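What follows is one structure encoded as structure tokens, with my remarks underneath.
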Amino acid sequence: MNTPESITSLPERPDDERRRRVINYSIAMGIRIVCVLLCVFVRGWWLVLPVLGAVVLPYVAVVMANVGSRRGDTVTTPGQFALTSGDSFSAQGTDEAAR
């Protein structure tokens, strides 16, 4: 028999995913701005930390923003069914498989 589809197996809505990615990118760029400002005030060997943050964070932010959904599972569409060898669309007078 057909098993019911779980709503949790569906991916995140595109609008929600885009919003989450923009928020994550904005947070990373905010941290980068703080690192750039710290470069003005920090002296000595401690200057290496904000410089590394200002240089590396753009790459990390872009990679994290472009990561797809958090789930790596295969997605099955609701209502999807499998045809068995005995099923035929032509028996009802229409050829749905050709469309």
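Overview of values
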{"item": "Enumeration of residues in the stretch 1-25 that are modelled with pLDDT of 85 or more and surrounded by 12 or more Cβ atoms within 10 Å (Cβ to Cβ)", "result": "17, 18, 19, 20, 21, 24, 25"}
{"item": "Count of residues meeting criterion [farther than 21 Å from residue 21 by Cβ, outside any helix (DSSP H, G or I) and open to solvent by 70 Å² or more (accessible area, probe 1.4 Å)] in the stretch 31-70", "result": "1"}
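The values are calculated or read from the model by the stated rules, or taken from the named source; none is laboratory data. Predicted model only: the values in this text are computed from it and were never measured. Please note: Cβ atoms are built from the backbone with ideal geometry, for glycine as well, and neighbour counts cover all protein chains shown. The protein model used for the area step is the full one, side chains on, heavy atoms only, and it has no ligands, DNA or RNA in it. Shrake-Rupley method; radii C 1.70, N 1.55, O 1.52, S 1.80 Å.
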